[in-house]
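Following: one structure in structure tokens, then a few remarks.
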Amino acid sequence: MRRMKSIQSKTIFFITGAFVGHNCWEQWIEYFEMRGYTCIVRPWPYKDAAVATLKDRHPDKKVASIRLGELTDYFAGLVSDLPEKPILIGHSIGGLMVQLLLQRDLAVAGVAIHPVAPKGVIAFSWSMLRSVWGPLGFFTPLEDTYMMPLKSWRYIFTNGMSGSDQAATYDKYAIPESKYVSRDGLTDAAKIDFSRPHVPLLITSGNIDHIVPAALNFANYKKYKNAGSITDYKEFKGRNHFVLGQQTWKADADYILEWLQN
């Protein structure tokens, strides 16, 4: 890691990824609040409800209508209204949105945890191809939400965990999702200007993540070209895509905190 100037902001804005409720940040909020940060998390549009309620609404045409560009604008508006520029921490598509919001100069730093790759960033992986087929919704109505089956949750999100933990986390966190959002990751809505100057950015990955493999996160990191900007990368061992709720989550949070205070 390159040393950077102290980040003065004490506000952290968390951005949730796809397929899970915003309750996935509960432990992270407690962790950072105990260390003096003001923590904010907001649900995606049409998702301000309990996980069980969102499951019961499937297929939900309002959630199904969500597009990445509109979603990024929505979070840009929320972040812009804060009294100080925050630190952005996002997971999966939330991590991609961190990258998109940094190029709008809306934060003092960003952490993208296992982010979905921006447009044009490629790293071939059989596990990724197997994982994205359902969420992309090929040969199914785009007007309906995609509810990841437990069998897919076990492979895509929680591989390596016990069967009981996989089922428990599915019940607690998994929600229906827009197929448009996944597809929009392949469009200009997910485009990053990698040559543009930006505030410090940390990209993290996990070596057993099936849907966003470490190689893809590393390729994302290597795309950044501005020599005057700080871009760091960290691969953690034993992390799947459910990294926020694995037993190892605190070690990841410790690393991020150290990076922010370095």
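The table for this structure:
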read-out: Residue 112 vs. criteria of a type in the set (A, V, I, L, M), closer than 20 Å to residue 203 by Cα and buried (at least 23 other Cβ atoms within 10 Å of the Cβ); value: yes
read-out: Residue in segment 192-209 that is assigned to a helix (DSSP H, G or I) and surrounded by fewer than 23 Cβ atoms within 10 Å (Cβ to Cβ) present; value: no
read-out: Output for segment 163-181, where each listed residue is under 21 Å from residue 23 (Cβ atoms) and assigned to a helix (DSSP H, G or I); value: 164, 165, 166, 167, 168, 169, 170, 171, 172, 173, 181
read-out: Residues of segment 17-56 that turn out to be hydrophobic (A, V, I, L, M, F, W, C), surrounded by 14 or more Cβ atoms within 10 Å (Cβ to Cβ) and within 16 Å of residue 148 (Cα to Cα), as a count; value: 5
read-out: The listed residue being within 24 Å of residue 260 (Cβ to Cβ) and modelled with pLDDT under 95, out of 214, 227; value: 227
read-out: Meets criteria (surrounded by 15 or more Cβ atoms within 10 Å (Cβ to Cβ), more than 18 Å from the chain's Cα centre (by Cα) and at negative phi) for residue 60; value: yes
read-out: Selection from segment 130-168 of residues that are of a type in the set (S, T, N, Q) and either surrounded by fewer than 17 Cβ atoms within 10 Å (Cβ to Cβ) or under 19 Å from residue 212 (Cα atoms) (or both); value: 131, 140, 152, 158, 159, 162, 164, 166
read-out: Tabulated pairs, segment 246-262, first farther than 16 Å from residue 26 by Cα, second assigned to a loop (DSSP other than H, G, I, E, B), C-beta under 8 angstrom, 6+ apart or interchain; value: 257/35; 259/1; 260/7; 261/6; 261/7; 262/1; 262/3; 262/4
read-out: Among residues of segment 113-131, those that are at pLDDT 95 or above and among the hydrophobic types (A, V, I, L, M, F, W, C), counted; value: 4
read-out: Among (1) modelled with pLDDT of 95 or more; (2) within 30 Å of residue 66 (Cα to Cα) - the single one residue 254 does not satisfy; value: (2)
read-out: Complete set of residues in segment 179-203 that are within 22 Å of residue 104 (Cβ to Cβ), touching a residue at least 60 places away in the same chain (Cβ under 8 Å) and hydroxyl-bearing (Ser, Thr, Tyr); value: 180, 187
read-out: Selection count, segment 208-223, where residues are farther than 11 Å from residue 112 by Cβ and out of contact with any Asp or Glu (no Cβ under 6 Å at 6 or more places or on another chain); value: 11
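The values are calculated or read from the model by the stated rules, or taken from the named source; none is laboratory data. Because the structure is a prediction, the values reported are computed rather than measured. So basically every Cβ, Gly included, is an ideal-geometry build from the backbone, and we count neighbours across all protein chains shown.
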